[in-house]
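What follows is a set of notes on a single structure, which appears directly below.
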Amino acid sequence: MPSSSGSGLPAASACPDPRRTAATILVRVEAAGAHAARLLGGVPPLVRELVLGTLRWQLTIDTLLAPLLRQPLAELEPVVRVLLRLGTFEAHRLSTPPPVAVSEAVRVARTLAPAASGLVNAVLRRVCTLPWPDPADAALPLYLRFSHPRWLVERWQQRLGGHLEAALAAAQEPAPLFLLAAASHAEELDAAGCELEPHPFVAGVLRVRSGVATAVAALAAGRAYAMDPTAVLVARLLPPCAGVTVELAAAPGGKSLVLALERPDTPRWAFDRHLGRIGLLRRAAALVPSPPRVAAADGNRPPLRPSSCGAVLLDAPCSGTGTLRRHPEIRWRLRPEDLQRHAEEQQHLARAAAELLQPGGLLLYATCSLEAEENEEVLAGLPLAPVELATHLPVGVPAIPTPLGGVILPPGNHGDGFTVHLLQRT
Ligand SMILES: C[S@@+](CC[C@H](N)C(=O)[O-])C[C@H]1O[C@@H](n2cnc3c(N)ncnc32)[C@H](O)[C@@H]1O
């Protein structure tokens, strides 16, 4: 059997068995630091649900499993740990009858970790009898109710205030499919049996309620674009302005698409440093009639003259704490000290962005991180004047102002979380 992960397990694509495939992916995420979302392309919905659900509920699952084990969960082989978590998740959270979930996990254990199949059987039978902690039980701490690291919930208590519980709850649910589509294409999709619901505050964005296969066909044909609603909103927060607009970290190209569709006449450049991701950016650009000029470039040394641009959109690489619904493993990997490392990278990019601006030019700085270190603290030393963003938001958008005139757009059912600032060279 081929192995591509170094874990000794077969490649996910070679496994037609959803639970075995899910276990294989989870071992790569757990032991090889892989990004779950990158391993889920083309997998059956059950695999996606098993992988992302197990990662989302990992803390709750581990809390249930710990008293049933003689040794700490962390000391088990990754594949055994993964099978215990997967079986617990399926028995408690999916509609699979618990005995079936257990026997399926044991069946997979017999092939992937035969020596541990007895342990998997015994522990999973017992875990099925335990109650799942109720997320509505206010007597439990929030981090346990919603399976997030305690340090993160504690810092968000300050940062997100009254938006915290909705943010945590949304991170525990699968992300809906949202499309950005012109009205005429939305009508075609509707006629083809795709049930679409307009987004409550991001115009042109539609939630796919049913008919996902039809929607996916429209995506492939370039008649609609899969977009997170908040990402669309963020791109629109860049005011129209004279001169060239540059994106310094543009791949995979979601915001480039929005600008291309809605500012076709503005000259635009889209750069990214990573060659693999440039391919995604070029593919996104090929979908629209007025694409930006795309080039591989380090945003720290953009190939443009200083003071030559009307606007820079810097959607900076970040910790991704606003995207835990789509990337649930981030919460278990991130350490508070990682924020400083991200901040240093962001500071270099933000300085390079500021140097590109002509007088009066605008910098829209966004991250899908909710953390001050990666946002207002990065921008505080730049020779640019903050522009108040709250008044530019559509009505109804949940938003928290930052001390630098920007907004935190907390994650929720409506979309991912971002922090956005607008600054001007005076
Ligand atoms: C948050 S993503 C951008 C998402 C994109 N704006 C969109 O809407 O699809 C950050 C991007 O920064 C790129 N990146 C990281 N460091 C960079 C650098 N020094 N120069 C240019 N791009 C960089 C990464 O490759 C990644 O594609």
Suppose every K and R has +1 on its Cβ and every D and E has -1 on its Cβ; what is the size of the dipole of the chain about the Cα centre, in Debye to the nearest 20?
940
Residue with peak Gaussian network fluctuation, the chain [Cα springs, cutoff 10 Å], from Ala116, Ala74, Ala354
Ala74
Would you be so kind as to identify which of Pro292, Leu339, Ser307 lies farthest towards the positive end of the dipole of segment 270-339, taking Lys and Arg as +1 and Asp and Glu as -1 on Cβ and the Cα centre as origin?
Pro292
Using the Karplus curve 6.51 cos²θ - 1.76 cosθ + 1.60 with θ = phi - 60°, work out ³J(HN,Hα) for each residue of segment 329-342 in order, rounded to whole Hz, and write x for Gly and Pro.
5, 3, 4, 8, 8, 5, 10, x, 5, 5, 4, 5, 4, 4
Could you calculate the contour length gain from Arg70 to Thr111, that is, 0.36 nm times the residue separation minus the distance between their Cα atoms, to one decimal place in nm?
12.4 nm
Just to check I understand the Karplus step: with θ = phi - 60° and J = 6.51 cos²θ - 1.76 cosθ + 1.60, what whole-Hz values come out for segment 199-216, glycine and proline as x?
5, x, 9, 10, 4, x, 9, 10, 8, 7, 7, 7, x, 4, 4, 5, 5, 5
Need one word for the chain: rounded, prolate or oblate. Basis is the Cα gyration tensor (sqrt eigenvalues a ≥ b ≥ c); a/c below 1.5 gives rounded, then a/b vs b/c decides.
prolate
By the Cα gyration tensor axes a ≥ b ≥ c (a/c under 1.5 gives rounded; else a/b larger than b/c gives prolate, otherwise oblate), the shape of segment 229-424 is rounded
The relative contact order of segment 178-226, taking Cα pairs under 8 Å that sit 6 or more residues apart, comes to a percentage of 44
Within the set Gln71, Gln157, Gln346, GNM on the chain using Cα springs under 10 Å gives the largest fluctuation to Gln71
Quick check: residue separation of Arg333 and Ala295 times 0.36 nm, minus the Cα distance between them. What number comes out in nm?
10.5 nm
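Multiply the residue gap between Glu262 and Ala226 by 0.36 nm, knock off their C-alpha separation, and tell me the result in nm, one decimal place.
Extra length available between Glu262 and Ala226 comes to 11.4 nm.
Bear in mind that the values in this text are calculations on the coordinates, not laboratory data. Fair warning: this is a prediction, and the values are worked out from it, not measured in the lab. Cβ atoms come from the backbone with ideal geometry, glycine included; neighbour counts cover every protein chain shown.
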